[in-house]
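Chemist: Take a look at the following structure, please.
The values are calculated or read from the model by the stated rules, or taken from the named source; none is laboratory data. Quick caveat: nothing in here was measured; it's all calculated off a predicted structure. We place every Cβ from the backbone using ideal geometry, glycine too, and count neighbours over all the protein chains shown.
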Amino acid sequence: MGIILGMALPYVAFSVFVVGTLLRIVGWMRIPVPFHLTLFPVPEDKAGSVRELVLEFVLCRSIYREDRLLWLWVWLFHVSLLMIVCGHVLGIYFLRQQFTLVGLSSETSQTLSVLLGGVAGAMMTLSLGALLCRRLFRREVRGLSEPDHYFELILLLAISVTGIAMYLPGLHAELPEVRAYMAGLLLLDPVPLPRSSPFFVHFLLVNLLMLYFPFSRLLHSAGFFVNRAMLAEAPPVYPTPDRSRPRSDFSSRKIHPDIPCPMNVADKEAGSK
Amino acid sequence: MKIPLRLAKREDLRIIGVEPVAEAELCSRTLELMGEFRAFARSFSVMLETCTGCGACAKACHSYLGTDDFFNIPAARAGLLRRIFSRYFTWSGRVLGRFSGAAEFGPGTLDSWVDYFYQCNACRRCAKFCPFGIDTGEIVLAGRTILTRLGRAPAFMVNIARNELTTGNNTGILKPAIIDSCSFLEEELLEETGLEIRIPVDKPNTEILYLPSSSELFVNSDTLMGAAKLFHYLGVDWTLSSTLLEAANYGLLFDLDVMKKHNNRMRIAATAVGAEKVVMGECGHGWRAAKMYSEGANGPFPFQLTHILELVTERLPDLNLTKLPIRATLHDPCNYGRGAGLVEEPRKIMHACVEDFTEMTPNRDRNFCCGGGGGLLMDEMTEIRMELGKEKSEQIRRLLPLDYIALPCASCKAQFPLLLKHYGMGEVRTGGVLDLVGRSLVLNRQQDERTSPQDCLGG
Ligand code: SF4
Ligand code: SF4
């Protein structure tokens, strides 16, 4: 059991996460965009479009305009998520000594790391809680919510709560042990899971999240870019430049030969122009 | 909420090339069409699959604000299609079913699509406020195309599409009637200005093919006369075409095949009169269809293409305009503001034509739809359209007293008078931007004895 959960599951989960997500994105990208879906105004040049996209991604400006409170929670959540992901990589790899790299003392680095992790964890839990409440109590959002919306929020909440639980005395996971375990995984030489029950649950839930991610609404993170890229396309210019390639086969598709159009003859002439 | 929309009869559908689907095959055919659409346009699956149900779009939609019907929330509206899509086309929906919001195709499915896809003006305002830019209007147009292919389309739209395909204009008028109406308008122009201002039809070897809304021959004729005065003043070589006397393209709003077919007429008509440049008149969705869809629908478009308001703006320094002594505002048609990026031009023109130009809030790309967009102009929908226009009416009320609302779109021109009357503001006049250009353009003699707004708005 321990072998399956500790040594096989992470590989399976990670592969599903990566491959599944890529497949979904590739699946989208293979479909043509038959028409310009530009949502105006759009910046004049590519650099402007990229800047807009990045600003929107980093600041979630559309929500900010319409619903400040939602924006607050959404933004807090995503920022804390970013902090936590980075914190995990650095904190585990450097055993909380990462801030000594910028000249702080070992103890200060330790304290700062713990503090930042705690704050980010609290922020995440709080914002997830708020988002859950919003789903439960706002009439419109509640109507829009399906069981899996709740499931995703609760799963994330459970992950952040078990993460925070490891701060409690007695439930503490030994960082060097965790590091050794992760190193084993990464070097394809897995060792048994560290013996800490919050860590065990936390780790299992993260695996579950990875397994579930490509099939879930959490894929909105990728949809953001795929969709916004369509809306930010530069509008067409006329006469159409010679170099332009057909957007899809729709432009050359023959449709309804039986549509009664007295112009059919002229139609053919124009087609050969 | 059920809507009183009248659907087209089978015979009529066949005329536009649709073979209605038998009751027993509805489910399988719907799924087939959804599959086809998914493979056809990226937007369909990306937009359906990316929604997180965050609800940020709810307050952005005038349709929801006006009707207070849950399924008019953009995400809920799209959800009617999404749940079927999930069930048959996504991994999670197939495996988890209800849990991930998927639902089987059922007897009520198509009815719900009709009811809610036709309470959407395809105004794209929701896309502005959705963090991912999900454009429910786009999903709705896809859904409407699928419904049409199944044999469910509004009688009103099918009738217009038939006119477009057979006569080249929405009203279905033929060449003799077109020539008649144009000479009538020429007489009016003569009476008003004392000048021989022509409205040429099918004039060969012309530089510019002008495509007004065909409604301007009868109801919004001030717009067409404004264009005629302008071309006259500038000495432009222009003509109308009896092959295509229409800026609109209803196909965009309910059937992409009709859109493609009708769009192709722009080439045919421009070739026929030997034009180098196609200039579009005041029509919101028509301008979006022409500008944004021509290339995608029929490949490279070998003519210049521009909007009359862009042309006016370019030539503003050449125009002798007197400012009319009125207080006026501008309503940004959704298909200009968000759909085609025609925003500053009408403003520059307004500033040049009226003394007191005032903006409504929100405006430009955040403007609310008037409730007339998306082809919902059928009589039976009037009552619902008034609800859809509620937000707009409140915007207008905040600007009172007001003499004139400029509406550079034929659908807005049809919706506004009803809306204003319904909300007790019937005294405010409406019309195009070109109408104002026509009135403030100093053609030959001084027209400045007019002092009251009534005078300069023509009674
Ligand atoms: S704002 Fe966008 S993601 Fe949120 S519910 Fe509406 S469509 Fe879905
Ligand atoms: S396109 Fe306009 S009417 Fe349709 S759902 Fe979006 S905001 Fe509402």
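Chemist: Test A:Asp67 against the criterion of being more than 14 Å from chain B (Cβ to nearest Cβ) and acidic (Asp, Glu), and give yes or no.
Modeler: no
Chemist: Residue check, B:Thr243 against (1) part of a loop (DSSP other than H, G, I, E, B); (2) modelled with pLDDT of 95 or more; (3) among the hydroxyl-bearing types (Ser, Thr, Tyr), all met but one. Which one?
Modeler: It is condition (2) that B:Thr243 fails.
Chemist: Hey, B:Ala161 hits all of (1) within 16 Å of ligand 1 (Cβ to nearest atom); (2) buried (at least 24 other Cβ atoms within 10 Å of the Cβ); (3) touching a residue at least 40 places away in the same chain (Cβ under 8 Å) but one; which does it fall short on?
Modeler: So the condition that B:Ala161 fails would be (1).
Per-residue answers, yes or no, for (1) surrounded by fewer than 19 Cβ atoms within 10 Å (Cβ to Cβ); (2) modelled with pLDDT under 90:
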site: A:Gly163; (1), (2): no, no
site: A:Ala180; (1), (2): yes, no
site: A:Ala183; (1), (2): yes, no
site: A:Leu188; (1), (2): yes, no
site: A:Pro192; (1), (2): yes, yes
site: A:Arg195; (1), (2): yes, yes
site: A:Leu209; (1), (2): yes, no
site: A:Tyr212; (1), (2): no, no
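Chemist: Here is a list of conditions, (1) away from chain B (no Cβ under 14 Å); (2) of a type outside the set (Asp, Glu); (3) assigned to a loop (DSSP other than H, G, I, E, B), and A:Ala234 meets all of them except one; can you say which number that is?
Modeler: (1)
Chemist: While we're on this one: Restricting to the range B:113-136, count the residues that are within 13 Å of ligand 1 (Cβ to nearest atom) and part of a helix (DSSP H, G or I).
Modeler: Count: 6.
Chemist: Which of the residues belonging to the range B:110-134 are surrounded by 24 or more Cβ atoms within 10 Å (Cβ to Cβ) and more than 7 Å from chain A (Cβ to nearest Cβ)?
Modeler: Selection gives B:Tyr116, B:Phe117, B:Tyr118, B:Gln119, B:Cys120, B:Asn121, B:Ala122, B:Cys123, B:Arg125, B:Cys126.
Chemist: For the condition on the phi > 0 side of the Ramachandran plot and among the small types (Gly, Ala, Ser), what is the one hit in A:Gly163, A:Gly87, A:Gly103, A:Gly91?
Modeler: One residue alone meets the criteria, A:Gly103.
Chemist: Looking only at the range B:317-341, filter to residues that are basic (Lys, Arg) and more than 7 Å from every other protein chain (Cβ to nearest Cβ); which one of those is surrounded by the fewest Cβ atoms within 10 Å (Cβ to Cβ)?
Modeler: B:Lys323
Chemist: Quickly run through the range B:137-149 and pick out the residues that are within 12 Å of another protein chain (Cβ to nearest Cβ) and within 16 Å of ligand 1 (Cβ to nearest atom).
Modeler: B:Gly137, B:Glu138, B:Ile139, B:Leu141, B:Ala142
Chemist: Identify all residues within the range A:143-159 that are out of contact with any Leu (no Cβ under 8 Å at 6 or more places or on another chain) and closer than 15 Å to A:Leu219 by Cα; write none if there are none.
Modeler: Scanning the range A:143-159 gives A:His149, A:Phe151.
Chemist: Then there's this: Restricting attention to the range B:278-307, and to residues there that are more than 9 Å from chain A (Cβ to nearest Cβ) and not in a helix (DSSP H, G or I), which single residue is farthest from B:Arg124 (Cα to Cα)?
Modeler: Result: B:Val279.
Chemist: Which one of B:Glu310, B:Glu314 is away from chain A (no Cβ under 14 Å), more than 23 Å from B:Asn121 (Cβ to Cβ) and not β-branched (Val, Ile, Thr)?
Modeler: Exactly one of B:Glu310, B:Glu314 is away from chain A (no Cβ under 14 Å), more than 23 Å from B:Asn121 (Cβ to Cβ) and not β-branched (Val, Ile, Thr), namely B:Glu314.
Chemist: Go through the residues of the range B:41-50 one by one and say whether even a single one is within 23 Å of the chain's Cα centre (by Cα), within 9 Å of ligand 2 (Cβ to nearest atom) and of a type in the set (A, V, I, L, M).
Modeler: No, that holds for no residue.
Chemist: Output the residues belonging to the range B:357-391 that are away from ligand 1 (no atom under 16 Å from the Cβ) and among the charged types (D, E, K, R).
Modeler: Once the filter is applied, which keeps residues that are away from ligand 1 (no atom under 16 Å from the Cβ) and among the charged types (D, E, K, R), the range B:357-391 yields B:Glu359, B:Arg364, B:Asp365, B:Asp379, B:Glu380, B:Glu383, B:Arg385, B:Glu387, B:Lys390, B:Glu391.
Chemist: Would you mind listing the helices (runs of 4 or more DSSP H) fully within the range A:137-218 where at least 2 residues are away from chain B (no Cβ under 14 Å)?
Modeler: Helices (runs of 4 or more DSSP H) meeting the threshold: A:147-165, A:175-186, A:197-212.
Chemist: Restricting the range B:60-78 to residues that are within 10 Å of ligand 1 (Cβ to nearest atom) and within 7 Å of chain A (Cβ to nearest Cβ), which is nearest to the chain's Cα centre (by Cα)?
Modeler: Within the range B:60-78, the match that is nearest to the chain's Cα centre (by Cα) is B:Ala60.
Chemist: Okay, moving on. Can you find even one residue in the range B:95-106 that is free of Cβ contacts under 8 Å to residues at least 60 places away in the same chain and under 26 Å from B:Ala289 (Cα atoms)?
Modeler: no
Chemist: Just to check your reading of the model, which residue among A:Val42, A:Val50, A:Val54, A:Val16 is under 27 Å from A:Ala229 (Cβ atoms) and surrounded by 17 or more Cβ atoms within 10 Å (Cβ to Cβ)?
Modeler: A:Val16
Chemist: Now a separate question. Just give me the residues in the range A:78-121 being charged (D, E, K, R) and either modelled with pLDDT of 95 or more or surrounded by 15 or more Cβ atoms within 10 Å (Cβ to Cβ) (or both), in sequence order.
Modeler: A:Arg96
Chemist: Let me ask something else. Can you name every residue in the range B:79-109 that is more than 13 Å from every other protein chain (Cβ to nearest Cβ) and either more than 30 Å from A:Arg65 (Cα to Cα) or modelled with pLDDT under 95 (or both)?
Modeler: Scanning the range B:79-109 gives B:Ile84, B:Phe85, B:Tyr88, B:Glu104, B:Phe105, B:Gly106, B:Pro107, B:Gly108, B:Thr109.
Chemist: Report, by residue number, each residue of the range B:49-59 that is closer than 28 Å to B:Arg94 by Cβ and within 10 Å of ligand 1 (Cβ to nearest atom).
Modeler: Matches in the range B:49-59: B:Thr50, B:Cys51, B:Thr52, B:Gly53, B:Cys54, B:Gly55, B:Cys57.
Chemist: Can you name the residue in the range B:26-43 that is surrounded by 23 or more Cβ atoms within 10 Å (Cβ to Cβ) and not basic (Lys, Arg) and is also nearest to B:Gly133 (Cα to Cα) among such residues?
Modeler: Here the answer is B:Ser43.
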